[in-house]
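Reviewing the structure listed below.
The values are calculated or read from the model by the stated rules, or taken from the named source; none is laboratory data. Note that the structure is predicted; figures quoted are calculated from it, not measured. In this analysis, Cβ positions are derived from the backbone assuming ideal geometry, glycine residues included, and neighbour counts consider all displayed protein chains. Calculation scope for accessible area: heavy atoms of the full protein, side chains included, ligands and nucleic acids excluded. Shrake-Rupley method; radii C 1.70, N 1.55, O 1.52, S 1.80 Å.
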Amino acid sequence: MRTTRAIAILMLAGLIGTACGARLPAPERQQAANAILSQGGGTGSGTGAGTSGAPNPGSSTKIVGGSKATKGTKGSSATQGSSGSKSINTKGGGTNPGAPKGSKAAACPTGGTDVGETSNSIALGDVADVTGPVNGLFAGAKEGAVAFSSFINQSGGLCGHSVNVDFADSGTNCSQNQNDTSSLISKVFAFVGSFSLYDGIGCGATVLKAHPTVPDVHVALDPTAETLSNHFDLEPGELGYATGMWKYFAQKYGSKVKSVGTISEDIPSAAQKQAAEVHAAESQGWKFTYQNAAAPTASNFTSNFQTMCGSDHIKIFFTVTEDAQNAATMIQNEHSISACKGVINIIPIAYDPSFIPDFQGNASELNGLQGWNEYSLFFNKNEAADIPEVKLLQTWFARTNPGQPLNLYAMFAWADGRMFQQAYANSGKTANRASVLAALRKIKNFSDNGLIAPTNPGSKTTGNHCYILWQLENGQFSRMSDPKSGYRCDGTFLPAK
């Protein structure tokens, strides 16, 4: 099921401001739209200014996680804490800190060297769009990789190996992505946590396809990237959507799901996403009486709501192929129309650190807004109290990226790292590229200790169609309905038409 991947695509191709909170006026949004939709990828050179106090993210900038001693984190029932900075075991074997489910500390290999791997270190490549038409776009991918490597290194290393991240800024540019991937592939053991629009065949994936022995663990934005035998994804599977959440709301709201209004982005990726969702919803009795595809540069939707609430009398408003900023604007526009009073808002894209700050009204006006995720409420403090892995992510992200928002791309990079960690630890007596690839192909029901919904990256199937439901009350996102922890895994997967 492609929900979070599609969210990432629309936040890119739909041209949100950036992953780190900046906002673009309409002319700059149009410039970015033209660059992104042109397939040429803009003019980024991979040499732009850095973000988050990190080194300049020019091509192949090296970031070594955990370069400073830090106070240890308290262990938990699901994660192994550290007692402060530890020395790295230089003889192989070693520890597997906070091992994800399915990966045991005692399972670490005791030997093996390969490209990017010595007896006591391992180099990972991370290619992400940071500069380009939208500066800072996927800086979170780099920040999440730094958090992961810092945690691993301060906890004794990955099976006794210090983890170094070689980061390359692909500049939202196809040629740059291909060049960066080509430059790193002879230096790193694997690619982990990359996030780039131009990661598909013809760009970065062309290099990876020519080197099928190199493990690649990242959330692919271009579907052709996922076709590679050496690619492993947190969101595997064909385009389509699950039916469970649509059935839940149909049972909750009855005939109101027969009068639904929706706005999507008028770009190809968003159109495919919207069609898949509408198809799944209609299978559960929903009826969309108003549908509009808005231009990527649209910044006011008042006329849409005048029609939706005035003549079409919608009972529910839904959107997911828009970004959080536009979703906040939509709620403001909706509230300005008296005929829209009482409309139920179901907006999955609203779970974003920027959503409430983007909303310029009183946060209490957002009370009752609902949505769903195929991952935990990963930036919620209350979620961290219930899911040790969420707490671990939040702790290390804040430690390595002070003042930066913990966004979707950072969470993906962390979870990608944990998937790679599980495969490396379970790769047998000797860890090399071949044995790690073999271990990746065996991973089933991966959930990073509950951080994400269970997924099947090894078999490249859509997983268990699991999700959580949330609501927004008094400026806080919180789970609603059952379960209070874990995921709902009802419904089926419905392929796109």
All-but-one check, G285 against (1) crowded, with 23+ Cβ neighbours inside 10 Å; (2) modelled with pLDDT of 95 or more; (3) not hydrophobic (A, V, I, L, M, F, W, C), failing number (1)
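How many of the residues making up segment 407-442 are hydroxyl-bearing (S, T, Y) and assigned to a loop (DSSP other than H, G, I, E, B)? Can you show your working first?
Filtering segment 407-442 down to residues hydroxyl-bearing (S, T, Y) leaves 409, 424, 427, 430, 435.
So of that shortlist, the ones also assigned to a loop (DSSP other than H, G, I, E, B) come out as 427.
Counting residues in segment 407-442 that are hydroxyl-bearing (S, T, Y) and assigned to a loop (DSSP other than H, G, I, E, B) gives 1.
Among the residues of segment 333-389, write down those that are aliphatic (A, V, I, L, M), open to solvent by less than 40 Å² (accessible area, probe 1.4 Å) and closer than 17 Å to G486 by Cβ.
Pass one, segment 333-389, residues aliphatic (A, V, I, L, M): 337, 339, 343-344, 346-347, 349-350, 356, 363, 366, 369, 377, 384-385, 387.
From what is left, the residues that are open to solvent by less than 40 Å² (accessible area, probe 1.4 Å) are 337, 343-344, 346-347, 349-350, 363, 366, 369, 377, 384, 387.
Within segment 333-389, L377, A384, I387 qualify.
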Does at least one position in segment 457-473 carry a residue that is assigned to a strand (DSSP E or B), open to solvent by 10 Å² or more (accessible area, probe 1.4 Å), closer than 13 Å to N373 by Cα and in contact with a Ser or Thr (Cβ under 8 Å, 6 or more places away or on another chain)? yes
Inter-residue pairs, beta-carbon under 6 Å, first in contact (Cβ under 8 Å) with a residue 12 or more places away in the chain and open to solvent by 40 Å² or more (accessible area, probe 1.4 Å) and in segment 242-271, second part of a loop (DSSP other than H, G, I, E, B) and of a type in the set (A, V, I, L, M), 6+ apart: D266/A295
Subset of segment 174-207 [under 20 Å from the mean Cα position of the chain (by Cα) and part of a loop (DSSP other than H, G, I, E, B)]: G193, S194, S196, L197, Y198, D199, G200
Just checking, does segment 215-237 include any residue being open to solvent by 50 Å² or more (accessible area, probe 1.4 Å) and in contact (Cβ under 8 Å) with a residue 60 or more places away in the chain? no
Neighbours by Cβ (under 7 Å, 6+ apart or cross-chain): first from segment 439-458, closer than 15 Å to V219 by Cβ; second in a loop (DSSP other than H, G, I, E, B) and among the aromatic types (F, W, Y): L451/F378; A453/Y487
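Condition check ((1) among the acidic types (D, E); (2) closer than 20 Å to N96 by Cβ; (3) touching a Ser or Thr at 6+ places or on another chain (Cβ under 6 Å)) across all residues:
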residue: S364; (1), (2), (3): no, no, no
residue: Q370; (1), (2), (3): no, no, no
residue: Y409; (1), (2), (3): no, no, no
residue: M419; (1), (2), (3): no, yes, no
residue: V436; (1), (2), (3): no, yes, yes
residue: A439; (1), (2), (3): no, yes, yes
residue: N445; (1), (2), (3): no, yes, no
Lone unmet requirement of (1) open to solvent by 30 Å² or more (accessible area, probe 1.4 Å); (2) of a type in the set (G, A, S); (3) modelled with pLDDT of 95 or more for G116: (1)
Which one is most open to solvent (accessible area, probe 1.4 Å) among residues in segment 408-452 that are at pLDDT 95 or above and basic (K, R)? K442
Return the residues of segment 474-496 that are within 21 Å of P388 (Cβ to Cβ), in a strand (DSSP E or B) and of a type in the set (F, W, Y); say none if nothing qualifies. F477
Name, by its number, the condition in (1) open to solvent by 20 Å² or more (accessible area, probe 1.4 Å); (2) closer than 17 Å to V217 by Cα that does not hold for D490. (2)
Output for Cβ contacts, cut-off 6 Å, separation at least six or different chains, first residue farther than 19 Å from N373 by Cβ in segment 330-350, second acidic (D, E) and crowded, with 17+ Cβ neighbours inside 10 Å, reads C340/E334
Out of (1) in a loop (DSSP other than H, G, I, E, B); (2) open to solvent by less than 40 Å² (accessible area, probe 1.4 Å), the odd one out for Q404 is which? (2)
